[in-house]
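**Q** Quick one: structure below, then a few questions.
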Amino acid sequence: MEIKTISNEISDMLIVSKSKFIAYLFPCDSKEEAKDILLKLKEMHVEATHICYAYIINEDNVLLYKANDDNEPSQTAGAPILNVLRKNNLTNVLLAVVRYFGGIKLGAGGLTRTYSNAAALVVKNASIVTLKEALLYKIYFPYDKVKEIDKILEVNNITINKKEYDENVIYSLIIKNDEVVNELKKKIEYLNVRFEKIDKIMIRVN
């Protein structure tokens, strides 16, 4: 499984008919994280008229969608923002547009266009990355095998995520798939290595 997401938070702004629209795009991996982000935005923008948002989050291989108009006319804010995320195939992101009303009403069509444009602007300037599912393993082995293990991992392009030193040496490895795991086992199990599967993770591929 691959997903497109963003590498870091970004913001941008539009001013339309004296109203200020500040768009924020955040990496976001869960509904709880989304709640925290929105709470911080509300604390930052106490005087804002509206904080409209949408998110798409992959939680345990289930895609979660949400769009909120925050008292703007129905379907004029949250839905256009969500549509921008969908068009750009973005996942694990939250996009919020903070509006400070400038005194001139835009009408439903004007609001829809402006929220969509603000969302598109911040996405256009974001650093988009592709993430791919990988496996996280721990291997345990004796201290006198470190040089041999390091050489084999290097030759086979296996990423060492973390090194620990206890009764045995413990490496956390990022491995692309089960086939690579099986090949690696054949190559290093004779060195008295024990494998332990920890989790599935998402790794950057570009």
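**Q** Relative to the compact-globule scaling 2.2 N^0.38 Å, provide the ratio for the alpha-carbon radius of gyration of segment 105-206. Walk me through the intermediate numbers first.
**A** Working: Rg = 22.3 Å, N = 102, 2.2 N^0.38 = 12.8 Å.
In units of the 2.2 N^0.38 Å rule of thumb, it is 1.75.
**Q** Taking Cα extents along the principal axes in Å straight from the coordinates, which label in (1) 68, 33, 25; (2) 74, 29, 25; (3) 48, 42, 30 is the correct one?
**A** Label of the calculated value: (2).
**Q** Now for a separate question. Once both labels are modelled 7 Å past Cα along the beta-carbon direction, what's the I15-E2 spacing in nm?
**A** Calculated label separation equals 4.2 nm.
**Q** Multiplying the sequence separation of N156 and S172 by 0.36 nm and subtracting their Cα-Cα distance, what value in nm do you get?
**A** Details: separation 16, 0.36 × 16 = 5.76 nm, distance 1.53 nm.
Here the answer is 4.2 nm.
**Q** So what's the net charge close to E32: Lys and Arg +1, Asp and Glu -1, counting the other residues with Cβ under 15 Å from its Cβ?
**A** Details: positive: K31, K35, K40, K66; negative: D29, E33, D36, E59, D60.
Net charge in that neighbourhood comes out at -1.
**Q** Also, I was wondering about something else. For L191, what charge total do you get from the other residues with a beta carbon under 13 Å from its beta carbon, if Lys and Arg give +1 and Asp and Glu give -1? All intermediate terms of the calculation are to be shown ahead of the outcome.
**A** Working: positive: K145, K147, K151, K185, K186, K187, R194; negative: D144, E148, D150, E189.
Within the 13 Å Cβ shell, the charges total +3.
**Q** Of all GluC sites (Glu not before Pro) in segment 10-47, which ones are in loop regions per DSSP and have a Cβ with at most 12 other Cβ atoms within 10 Å?
**A** Working: sites: E32, E33, E43, E47; in loops: E47.
Filter output for segment 10-47: E47.
**Q** Between I128 and K105, what FRET efficiency follows from the Cβ-Cβ distance if R0 is 45 Å, with the result rounded to 0.05? Before the final figure, lay out each step's value.
**A** Numbers: r = 34 Å, r/R0 = 0.76.
E between I128 and K105, to the nearest 0.05, is 0.85.
**Q** Keeping all protein chains in place, calculate the accessible area per residue for the chain (probe 1.4 angstrom), answer in Å². Walk me through the numbers on the way to the answer.
**A** Working: 11610 Å² over 206 residues.
Heavy-atom SASA per residue in the chain reads 56 Å².
**Q** Pick from L111, L39, L85: which is most flexible by mean-square fluctuation in a GNM of the chain where alpha carbon atoms under 10 Å apart are linked?
**A** L39
**Q** Now a separate question. Given K145/K197; K4/K163; K42/K87; K35/K132; K87/K124; K162/K197, which pairs have Cα atoms separated by over 18 Å?
**A** Working: K145/K197 21 Å; K4/K163 29 Å; K42/K87 27 Å; K35/K132 26 Å; K87/K124 12 Å; K162/K197 14 Å.
K145/K197; K4/K163; K42/K87; K35/K132, as the Cα separations exceed 18 Å there.
**Q** Also: Please report the carbon-and-sulfur percent of the accessible area for the chain; probe 1.4 Å, protein heavy atoms only, DNA, RNA and ligands left out. Walk me through the numbers before you get to the answer.
**A** Values: 5350 of 11610 Å².
Summing carbon and sulfur atoms, their accessible area is 46 percent of the total for the chain.
The values are calculated or read from the model by the stated rules, or taken from the named source; none is laboratory data. Keep in mind that this is a model prediction, so the values were computed, not measured. Quick reminder, even Gly has a Cβ in these numbers, built from the backbone with ideal geometry, and neighbours come from all protein chains shown. Calculation scope for accessible area: heavy atoms of the full protein, side chains included, ligands and nucleic acids excluded. Shrake-Rupley method; radii C 1.70, N 1.55, O 1.52, S 1.80 Å.
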